[in-house]
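Colleague: Sharing a structure here in structure tokens format.
Quick note: the coordinates plus some simple rules give every number you see, no bench work behind them. This structure is a prediction, so every number in the text was calculated from the model and none was measured. Neighbour counts are summed over all protein chains in view; Cβ atoms, including those assigned to glycine, are modelled from backbone coordinates with ideal geometry.
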Amino acid sequence: MMSSAMTDEQPYRVEITRRAQKDISKLTPKLKTKLRDILMNRIAVNPFDGKKLIGELDGFWSVRLTLKDRIVYSIDEEHRIVYILRARTHYDLS
């Protein structure tokens, strides 16, 4: 029988940057609920499930929130922390 090491691990801690908090404050209540669900049930559980970004955003990951909005984040594997950088953008970190 195979061991389920992945499911036994603690989820990653999710830290939301000030810029992402500003993005979140502009979301509708429905999108805030969707965001919370994605953060807790997808990103915190397996942050590598997102899309690995390239180019200027190399080292960052993203998950779709809406057709035009993405959750952009970085992963600190050593400390098991995910930093949410943006939550209402299409790959713009400025």
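Colleague: Considering only DSSP beta bridges where both residues belong to the chain, give the percentage that are antiparallel (nearest 5).
Modeller: Details: 12 of 16 bridges.
The antiparallel fraction comes to roughly 75 percent.
Colleague: Follow-up question, since we're still on this one. Counting pairs on different chains as well as pairs 8 or more places apart, how many Lys pairs in the chain have Cα atoms under 22 Å apart?
Modeller: 14
Colleague: Further, regarding this structure: Once you charge only the Cβ atoms, +1 for Lys and Arg and -1 for Asp and Glu, what is the size of the charge dipole of the chain about its Cα centre, to the nearest 20 debye? All intermediate terms of the calculation are to be shown ahead of the outcome.
Modeller: Working: 18 positive and 13 negative charges, 151 e Å.
So the dipole magnitude of the chain works out to roughly 720 debye.
Colleague: Put +1 on the Cβ of every Lys and Arg and -1 on every Asp and Glu Cβ in the chain; which of ALA20, GLN10, SER62 then has its Cα farthest towards the positive end of the dipole?
Modeller: Of ALA20, GLN10, SER62, it is ALA20.
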